[in-house]
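The values are calculated or read from the model by the stated rules, or taken from the named source; none is laboratory data. Just so you know, these numbers come straight off a predicted model, no measurement behind them. Please note: Cβ atoms are built from the backbone with ideal geometry, for glycine as well, and neighbour counts cover all protein chains shown. The accessibility values were calculated without ligands, DNA or RNA, using every heavy atom of the protein model including side chains. Shrake-Rupley method; radii C 1.70, N 1.55, O 1.52, S 1.80 Å.
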Amino acid sequence: MHYHPKSDLLNNRIILITGAGDGIGREAALTYSRFGAQVILLGRTESKLASVQQEIAAKNLRPAFIYSLDLLTASQQDCQRVADQIAQWVPHLDGVLHNAGLLTDITPMAQIKLQDWMNVMQVNVNATFMLTQALLPLMLKSASSSLVFTTSSVGREGRSGWGAYAVSKFATEGMMQVLAEEHKHTGLRVNCINPGGTRTSMRASAFPDENKDKLKTPADIMPLYLYLMGDDSRRKTGISFDAQPGRKAGPAE
Ligand code: NDP
């Protein structure tokens, strides 16, 4: 995407990012912060979140908050606690990027372990739903807020071996569509991003043998992440966007 926002695009915006300690989420947190947002970093590994927080502090950007939560074991009460804590910190939320995700072994449906299926659904669907439900009141307090889910090309067209992960991303697309329609007369817009093959540890676990140099980095795909959090997208809702339009799915050669 060719998008060159002004450097103050996200001034005064308050944005929560899940999975903010690594990969795409880490880059999104640093990018949003650089464009003026106050960010709330949520993730599993506190030390990784603290390192992103320190990087933001070292650049004299608006101080970031961190909240560590393992979405694999998170309950509805845990998600409500997140919302309650955030309400102590800030008056509202202008953006939520649901980025944290779990991918397990690539294996045929017939061989998926039930526990793997449950884990992927818990992180990618159930926890995302519970967190969204808890955070909606804070988002609706903003005059213009943006809820962004992370999908995948296998969440639009099933692919052999991608089992629970693919099904969880279809569910993510559905969650986005339902919420977008429910909020079309409010200031809340709801969309999905499909990052496309991106150089992260999740990608490396799925395609260990591909040529990583041919993959976009998280920084390369940030224009769409910025666009959807800033005012330029305020009339867009119910859409599943591609950060790398036209990219063919599958390993980079
Ligand atoms: P990474 O594995 O690099 O990062 C995922 C992040 O999510 C990590 O910070 C990780 O925490 C966090 N996370 C994972 N499980 C949990 C959990 N149980 N509780 C809290 N946080 C958790 O993945 P990517 O950056 O590649 O992926 C980001 C998103 O993009 C995912 O939703 C993925 O499905 C999607 N995607 C990625 C593609 C790619 O090519 N990279 C392609 C299509 C979609 P920790 O740091 O503790 O491990």
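Here is how the numbers come out for the structure above:
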| quantity | calculated |
| --- | --- |
| Residue in the range 124-145 that is of a type in the set (S, T, N, Q), within 16 Å of the ligand (Cβ to nearest atom) and without any contact (Cβ under 8 Å) to a residue 40 or more places away in the chain present | yes |
| Among the candidates A204, A171, A180, residue that is in a helix (DSSP H, G or I) and modelled with pLDDT under 95 | A204 |
| Number of positions in the range 64-117 that are among the hydroxyl-bearing types (S, T, Y) and open to solvent by 70 Å² or more (accessible area, probe 1.4 Å) | 1 |
| Members of the range 205-214 that are within 9 Å of the ligand (Cβ to nearest atom) and surrounded by 14 or more Cβ atoms within 10 Å (Cβ to Cβ) | A206, F207 |
| Unique residue being among the small types (G, A, S) and without any contact (Cβ under 8 Å) to a residue 12 or more places away in the chain when the list is A87, A58, A50 | A58 |
| The range 22-33, residues that are touching a helix residue (DSSP H, G or I) at 6+ places or on another chain (Cβ under 8 Å) and either open to solvent by 10 Å² or more (accessible area, probe 1.4 Å) or over 19 Å from Y3 (Cα atoms) (or both) | D22, G23, I24, R26, E27, L30 |
| Residue identified as assigned to a helix (DSSP H, G or I), within 16 Å of the chain's Cα centre (by Cα) and crowded, with 17+ Cβ neighbours inside 10 Å among L49, L42 | L49 |
| Among residues of the range 4-21, those that are surrounded by 14 or more Cβ atoms within 10 Å (Cβ to Cβ) and more than 15 Å from A64 (Cβ to Cβ), counted | 2 |
| Qualifying positions in the range 5-35 - in a loop (DSSP other than H, G, I, E, B), more than 8 Å from the ligand (Cβ to nearest atom) and of a type in the set (A, V, I, L, M) | L9, L10 |
| Residues of the range 146-185 satisfying the condition of being away from the ligand (no atom under 14 Å from the Cβ) and open to solvent by 10 Å² or more (accessible area, probe 1.4 Å) | G158, S160, G161, G174, Q177, V178, L179, E181, E182, H183, K184, H185 |
| Conditions (1) more than 8 Å from the ligand (Cβ to nearest atom); (2) open to solvent by less than 30 Å² (accessible area, probe 1.4 Å); (3) modelled with pLDDT of 95 or more; (4) part of a loop (DSSP other than H, G, I, E, B): number failed by G196 | (1) |
| Filter result for the condition that a residue is touching a residue at least 60 places away in the same chain (Cβ under 8 Å), over 26 Å from L93 (Cα atoms) and over 15 Å from the mean Cα position of the chain (by Cα), over A166, A249 | A249 |
| Selection within the range 118-145 - open to solvent by 40 Å² or more (accessible area, probe 1.4 Å) and of a type in the set (A, V, I, L, M, F, W, C) | M118, F129, L140, A143 |
